[in-house]
Amino acid sequence: MTAFQRILDELARLSGILAMILLASATVVVTQMVIWRYFLGASTVWQTEYVIFSTTAAMMLGAPYVLALKGHVGVDILVQAVSGGTQRVFALISGLASLGFVGALAWSGIGFLYEATMKGWTTDTIWALPLWIPFWPIPFAFALMSLQLIAQMIVAIFPGRSAQEGGL
């Protein structure tokens, strides 16, 4: 299980790096768009669409990295107040609820990606970007988060295991 967790952590880290690159590129494109429109009087064709898709993809691709760092916002006052066994039950319940949510998003994302690819969907703009490009982060990010949640639930069920002791 340790190797599995290392692979998940590495995928999450790479996903976070890609999110950072997409966000940085969106910033550069916005700057370029402002210069072209307001200072040079030129029109922009693809920039707005790129910024929308890249920032959305960055948000989705950054989520597995944040989950790997346990950086999501959580209210754990009640969890901290109960015993270890009850904490494991709470972790399992929240993990299952989260898994249901991100699993549904991953499944829907796979369907959208498949349809966009097989039917040749494109955006309705002059750029006509193939929609598989902005759709692929959905199933990737949420499938990765699903695997991470499963690994976290295993750790919650078997709390004596740690990465150093041969567990996750």
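A short reminder: the numbers here are calculations on the coordinates, not readings from a lab. Just so it is clear, the structure is predicted and the values come from calculations on it, not from any experiment. Quick reminder, even Gly has a Cβ in these numbers, built from the backbone with ideal geometry, and neighbours come from all protein chains shown.
Label sites at Val73 and Arg37, each approximated as a point 7 angstrom past Cα along Cα to Cβ, lie 2.9 nm apart.
Segment Ile21..Leu96, full-extension length gain: 23.9 nm, with 0.36 nm per residue of separation and the alpha-carbon distance subtracted. Placing unit charges on each Cβ (+1 for Lys and Arg, -1 for Asp and Glu) gives the range 2-157 a dipole about its Cα centre, and among Thr27, Ile52, Phe135 the Cα reaching farthest toward its positive end belongs to Thr27.
Computed from the Cα positions only, the extents of the range 1-106 along the three principal axes stand at 65, 32, 23 Å, in decreasing order. Applying 1/(1 + (r/R0)^6) with R0 = 30 Å to the Cβ-Cβ distance of Thr86 and Thr2 gives a FRET efficiency near 0.65. Each residue, Ile150 and Ile133, gets one label point 7 Å from its Cα in the Cβ direction; the gap between the two is 3.2 nm.
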